[in-house]
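Shown next, in structure tokens, is the structure this report addresses.
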Amino acid sequence: MLRRGMIPFIREIELSEMECCAELIRNSFGTVAEEFGLTRQNCPGNGAFIDANRLKADLVKGARMFGLFYHGELAGFAQLVKKGADAFSLEKLAVHPAYRHRGYGACLLSRVRSEAVNAGAEKLLVGIIEENSRLKGWYLEHGFRSTGTKRFEHLPFTVGFMEMNLRGK
């Protein structure tokens, strides 16, 4: 829930803002990387090590990116990627550590969910570090359900797959 007096603004991100977004994602994912021992060597694709060029490439491939701004500062980020005829993937949901526990992640999730519904999606997908019980619990509280796990040889953790039904079936 948002605290009284805190009104964030969410809008689509522009190409010129990629470095700012990459920095926010690195700061956000960095706390998780530290907690789970992720490094550039054992998990180079993690958001803790992202650069603006990767975000630019995602944008060119059709990803939609959203920033949550508070008092003119980028406080949160989320990326939406089409994954077939009826599904979108929520990627890189990130809230800067200084802005956590204010409901901003839920605001970003709500916006991304609405965008996916408006685009005709029936489900919203997300992949997480399965061992991150706090994050998994957050997604469960916000309407996702676990659909399975997979251990990838190149990753130092198990990937948990979750989805949210967007059509109320």
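General observations
- Chymotrypsin sites (Phe, Trp or Tyr not before Pro) within the range 107-169: DSSP coil, no more than 13 neighbouring Cβ in 10 Å: 152
- Segment residue 101-residue 142, extension gain: residue separation times 0.36 nm, minus the distance between their alpha carbons: 13.3 nm
- Of the GluC sites (Glu not before Pro) found in the range 1-92, the ones in coil according to DSSP and having at most 15 other Cβ atoms within 10 Å of their Cβ are 14.
- Note: relative contact order over the range 1-128, using C-alpha pairs below 8 Å and six or more positions apart, is 28 percent.
- Remark: C-alpha extents of the range 1-105 on the principal axes read 40, 35, 28 Å, sorted largest to smallest.
- Contact order for the range 73-169, expressed relative to its length and based on alpha carbon pairs under 8 Å spaced 6+ residues apart, stands at 25 percent.
- The simple spin-label model puts a point 7 Å past each Cα toward its Cβ; for residue 34 and residue 52 those points are separated by 2.5 nm.
- Approximating the spin labels as points 7 Å out from Cα along Cα→Cβ, the residue 15-to-residue 149 distance works out to 4.2 nm.
Read-outs: derived from the displayed coordinates by stated rules, not from any lab. Being a predicted model, the structure only gives us computed values, none of them experimental. Neighbour counts run over all protein chains shown; Cβ positions are idealised from the backbone, glycine included.
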